[in-house]
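Enquirer: What follows is a single structure, and I will ask about it in a moment.
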2 protein chains.
Amino acid sequence: MNERVATASVTLLDVARAAGVSLATASRALNGSTRRVRPDLRDRVLEAADALQYSANAQAQAMARGHTNLVGLVISDVGDPYFSSIAAGAIRAAEDHQLVVTMACTFGREEREIDYVAALRSQRARAVIVVGSRVHDRGLTDRLGAEVRSFEQSGGRVAFISQRKIAADTIVLENRAGARALAEALCCRGYRRFAILAGRADLLTARDRSAGFREGAARHGVQIAQDDVVHGGFNRDGGYDAMIEVLDRGRDVDCVFAVNDVMALGAMAALRDRGVALPSGMAVAGFDDIVTLRDVTPALTTVRLPLEDLGAWALQLVLEPSTDQPRIRRVRGEVVLRESTPVRP
Amino acid sequence: MNERVATASVTLLDVARAAGVSLATASRALNGSTRRVRPDLRDRVLEAADALQYSANAQAQAMARGHTNLVGLVISDVGDPYFSSIAAGAIRAAEDHQLVVTMACTFGREEREIDYVAALRSQRARAVIVVGSRVHDRGLTDRLGAEVRSFEQSGGRVAFISQRKIAADTIVLENRAGARALAEALCCRGYRRFAILAGRADLLTARDRSAGFREGAARHGVQIAQDDVVHGGFNRDGGYDAMIEVLDRGRDVDCVFAVNDVMALGAMAALRDRGVALPSGMAVAGFDDIVTLRDVTPALTTVRLPLEDLGAWALQLVLEPSTDQPRIRRVRGEVVLRESTPVRP
DNA sequence: CACAGAGGGGAAGGCGCTTTCCTCCGTGCC
DNA sequence: GGCACGGAGGAAAGCGCCTTCCCCTCTGTG
């Protein structure tokens with residue numbers, strides 16, 4: 001079979017010559033087409049390709065065909081389970097459609113989203129999915145919006161998983177409603193003195209969750225003072241630090257709401273370090289329902305988001321032909337009450 | 001500025017015409033070259049490109065240049081923090097070198113590694129990094145080896161993070177030695193009756209860790225019976241199920257070693273579900289030191305692997321010119337003793 | 001002032017593939 | 001037997017870009 005060693009690069013022409021057919025026939029035999037190829041020729045081409053270890057140049061194909069099968073995924077951080085779950089869902093779905101996924105991470109620097117979308121346009125990606133909170137920065141949003149429009153004008157599709165700030169198909173996470181429902185549930189369990197570990201002040205996701213939680217509490221007559229809302233990083237360390245801050249301020253608190261699970265984890269670590277018993281000394285709630293965190297003790301009360309599904313849905317969205325009006329799919333979180341917020345005695 | 005709306009596709013020729021220069025000059029102005037372009041022409045080109053929202057076709061560039069700036073990352077599952085940490089490291093490093101990373105996940109089906117490497121060859125990726133345990137399957141390994149050779153022959157670079165089974169640059173994780181050291185440390189803490197949650201029997205990583213642990217125990221005169229080694233999934237649920245199995249068998253065990261942290265987490269959940277106190281009723285140790293899990297209680301004893309660094313190192317490896325002899329970089333894990341395995345009274 | 005040489009613009013070839021368009025052959029029908 | 005028509009192979013025209021090669025112009029030197 002593989003008698004001949006492949007040279008640096010075997011081209012289709014080599015295969016065609018080896019099979020004694022024309023370039024056109026070789027191409028049709030290997031990649032199919034509307035045209036039919038006589039079986040014996042087809043076989044000869046296939047054999048030649050195999051013997052030469054031919055591998056079509058995807059770049060050249062893309063150029064000749066005028067389109068690629070690339071889908072770009074722009075996320076904040078693969079290391080963060082929130083994003084990696086969504087990514088897993090998107091990648092799984094992409095594979096079902098023979099699409100190649102390329103991932104880019106902003107690592108918290110949102111302005112890079114713009115660069116990445118531009119890069120993806122340059123790659124002539126078929127679609128791009130941008131995952132992550134929009135930020136409270138009009139200039140940034142506008143520039144990203146412009147880049148997105150350029151991308152779409154060159155024939156690509158775009159979907160967001162975040163807030164609806166840019167005119168493109170978006171999977172909107174109902175952060176506000178979810179946090180509101182969570183707050184109400186916690187009030188029902190008897191909590192009254194809340195603190196919020198609010199994460200980055202410029203992140204809309206963080207703001208919405210924070211605001212929603214306050215609304216929910218307010219419905220039960222509980223006002224959360226500004227002093228009980230502590231900002232910081234949107235990650236584990238941010239949760240840890242914010243929790244320490246709350247403790248140091250000496251506020252009278254019986255339950256903290258961290259605007260995401262990873263922060264809640266940090267908060268629990270901080271409480272432990274400070275010798276506060278969980279959950280008796282302090283109740284803790286998060287948001288997202290990160291799979292890896294389902295086994296922490298005490299089990300974390302949170303708002304469940306169907307993370308993997310989000311990725312798959314977004315992919316589905318960009319695969320469907322675009323509509324004149326951007327489509328919006330709202331996803332509601334589901335409050336999951338667990339041991340970290342027991343019913344108050 | 002952007003008076004004109006970009007058509008479906010603005011080409012370099014459009015830019016050149018708009019700027020009143022030749023294609024060659026436009027190319028040189030935009031991408032730089034050994035040749036210099038007169039400043040006024042350069043500016044005109046840049047302006048035209050901007051006005052037209054020109055975006056170079058990366059495919060065409062790649063074809064003309066004969067190489068891409070793509071790096072492929074083949075991992076098992078982005079959703080698994082072990083892999084996503086490594087991926088984060090690789091992506092970070094890649095960005096420093098203006099490389100685009102595309103990720104592919106096998107989701108536990110190792111034969112797909114072969115397909116992905118083939119796909120990456122087709123993409124003319126500059127390099128590919130394969131992360132994950134080799135499996136005990138000679139046929140599979142050989143086929144992957146052949147594909148890797150093809151990839152290298154077409155000019156690409158390959159690195160593995162796993163066992164040294166294929167002739168390519170490899171970052172070898174000293175699983176055996178790490179597990180051995182862990183076992184010894186646990187013996188020193190007074191444990192004598194171990195069970196091993198061994199994960200998938202065909203995964204070399206699992207096998208090595210399991211074997212290493214038994215060796216370490218043996219050095220302290222502790223033999224681990226075959227009945228105390230339970231196989232299963234290499235993930236959280238696998239750990240859970242295996243732990244249940246150990247309990248159901250009614251073996252006399254005071255410490256379980258799960259061959260990775262995520263499994264250990266599952267095991268802890270199982271113990272809790274069965275009402276076994278942690279760590280007093282059962283000590284638990286894992287392997288990897290997953291960041292997200294550093295905050296579980298009781299804090300998990302494990303073997304720390306510099307996951308993010310692994311990704312960065314692998315990238316560095318594939319960026320350096322290839323040597324005639326595959327390079328091997330051995331990475332030793334560091335035993336981290338925590339509360340989940342207290343000194344036995 | 002003449003000429004060599006450097007600097008920089010432009011035409012054109014080529015990267016590997018797909019896809020039209022042309023051509024040839026074989027078949028069926030009048 | 002002649003002609004129309006369909007089926008299939010092959011030549012060739014791009015796809016968008018980089019880069020070599022050619023040539024013109026401008027500068028510096030003897």
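Enquirer: Determine the principal axes of the Cα atoms in region B:104-154, then give the extent along each, sorted from largest to smallest and rounded to whole angstroms.
Expert: 28, 20, 14
Enquirer: In debye to the nearest 20, how big a dipole does region B:149-287 give about its Cα centre with +1 on each Lys and Arg Cβ and -1 on each Asp and Glu Cβ?
Expert: 300 debye
Enquirer: Per-residue ellipticity at 222 nm for chain A, helices alone: DSSP H runs ≥ 4 residues times -39500 (n - 2.57), over residue total, nearest 500 deg cm²/dmol?
Expert: Calculated mean residue ellipticity at 222 nm is -14000 deg cm²/dmol.
Enquirer: Set the Förster distance to 41 Å, then compute FRET efficiency between A:Asp252 and A:Arg164 from the Cβ-Cβ distance, nearest 0.05. Walk me through the numbers before you get to the answer.
Expert: On the way: r = 38 Å, r/R0 = 0.92.
The value I calculate is 0.60.
Enquirer: Where q = 0.19 Å⁻¹, what log10 of I(q)/I(0) comes from the Debye formula for region A:82-187, counting one point per Cα?
Expert: Debye output, listed in q order: -1.02.
Enquirer: Would you calculate the separation in nanometres between label points at B:Val222 and B:Arg274, each defined as 7 Å from the Cα along the Cα-to-beta-carbon direction?
Expert: My value for the distance between the label points is 1.8 nm.
Enquirer: With a 10 Å Cβ neighbour count serving as the proxy for reagent exposure, in which order, fewest first, do B:Ile86, A:Ile244 appear?
Expert: Listed from fewest to most nearby Cβ atoms, that is A:Ile244, B:Ile86.
Enquirer: Now for a different question. For chain B, what D do you get in µm² per second when you plug the Kirkwood radius from alpha-carbon pairs into Stokes-Einstein at 20 °C and 1.002 mPa s?
Expert: D = 95 µm²/s.
Enquirer: If I model a spin label at B:Ala118 and A:Glu111 as a point 7 Å from the Cα along the Cα→Cβ vector, what separation in nanometres do I get?
Expert: Between B:Ala118 and A:Glu111, the simple spin-label model gives 4.5 nm.
Enquirer: Additional query: Test of understanding: in a Gaussian network model of chain A with alpha carbons linked when under 10 Å, which of A:Val172, A:Val21, A:Val262 would top the mean-square fluctuation ranking?
Expert: Result for chain A, Cα springs under 10 Å: A:Val21 fluctuates most.
Enquirer: Rounded to the nearest 5, what % of the DSSP beta bridges within region B:141-292 are antiparallel ones?
Expert: Of the beta bridges lying entirely in region B:141-292, close to 0 percent run antiparallel.
Enquirer: Report Rg(Cα)/(2.2 N^0.38 Å) for region A:262-317, keeping two decimals. Kindly include the intermediate steps, with their values, before the conclusion.
Expert: On the way: Rg = 14.2 Å, N = 56, 2.2 N^0.38 = 10.2 Å.
Normalised Cα radius of gyration, region A:262-317: 1.40.
Enquirer: Can you list the residues, at least 5 places off or on another chain, whose amide H is less than 5 Å from the amide H of B:Thr297, using H built in the peptide plane?
Expert: A:Thr297
Enquirer: How large is Rg/Rh for region B:1-140, to two decimals, with Cα atoms and a Kirkwood Rh?
Expert: Taking Rg over the Kirkwood Rh, I get 1.15.
Enquirer: While we're looking at this one, here's another question. Once the Cα gyration tensor of the protein assembly as shown is diagonalised, what are the square roots of 5 times its eigenvalues, in whole Å and ordered largest first, as equivalent ellipsoid semi-axes?
Expert: 46, 36, 20
Enquirer: What does region A:228-337 give for Rg and for Dmax, in Å, if only its C-alpha atoms count?
Expert: In Å, with Rg to one decimal and Dmax whole: 17.2, 57.
Enquirer: Taking every DSSP beta bridge with both residues inside region A:118-208, roughly what % is antiparallel (nearest 5)?
Expert: The antiparallel proportion sits near 10 percent.
Enquirer: Amide H of B:Val229: which non-local residues (sequence gap of 5 or more, or other chain) have their own amide H closer than 5 Å, using H built in the peptide plane?
Expert: Residues meeting the amide H criterion: B:Ile196.
Enquirer: What list of ³J(HN,Hα) couplings, whole Hz, do you get for region B:284-291 from phi and the Karplus terms 6.51, -1.76, 1.60, once you set θ to phi - 60° and write x for glycine and proline?
Expert: 9, 9, x, 7, 2, 6, 4, 4
Enquirer: What is the dipole size for the protein assembly as shown, taken about its Cα centre, with +1 at each Lys and Arg Cβ and -1 at each Asp and Glu Cβ, in debye to the nearest 20?
Expert: My answer is approximately 1060 debye.
Enquirer: Right, another one. Of A:Pro306, A:Ser280, A:Val335, which is farthest towards the positive pole of region A:274-345's charge dipole, taken about the Cα centre with +1 and -1 on the beta-carbons of Lys, Arg and Asp, Glu respectively?
Expert: The residue sitting farthest along the positive end of the dipole is A:Ser280.
Enquirer: Which order do A:Phe213, B:Phe287, B:Phe160, B:Phe107 fall in if you start with the one that has the fewest other Cβ atoms within 10 Å?
Expert: The most exposed by this proxy come first: B:Phe107, B:Phe160, A:Phe213, B:Phe287.
Enquirer: Considering only B:Gly66, B:Gly139, B:Gly32, give the residue with the highest GNM mean-square fluctuation for chain B, with springs between Cα atoms whenever their separation is below 10 Å.
Expert: B:Gly32
Enquirer: For B:Gln153 and B:Arg36, what is the calculated FRET efficiency with R₀ set at 35 Å and r taken between the beta-carbons, to the nearest 0.05?
Expert: 0.40
Enquirer: Determine, from the Cβ-Cβ distance of A:Asp142 and B:Ala24 and an R0 of 25 Å, the FRET efficiency 1/(1 + (r/R0)^6), rounded to the nearest 0.05.
Expert: 0.10
Enquirer: Which residue, chosen from A:Ala185, A:Thr25, A:Ser84, occupies the Cα position most advanced towards the positive end of the dipole of the protein assembly as shown, where the dipole is computed from +1 (Lys, Arg) and -1 (Asp, Glu) charges on Cβ about the Cα centre?
Expert: A:Thr25
Computed from the coordinates by the stated procedures, all read-outs in this text should not be read as laboratory data. Computed from a predicted structure; not experimentally measured. Counting neighbours? That spans all protein chains shown, and the Cβs are built from the backbone with ideal geometry, glycine included.
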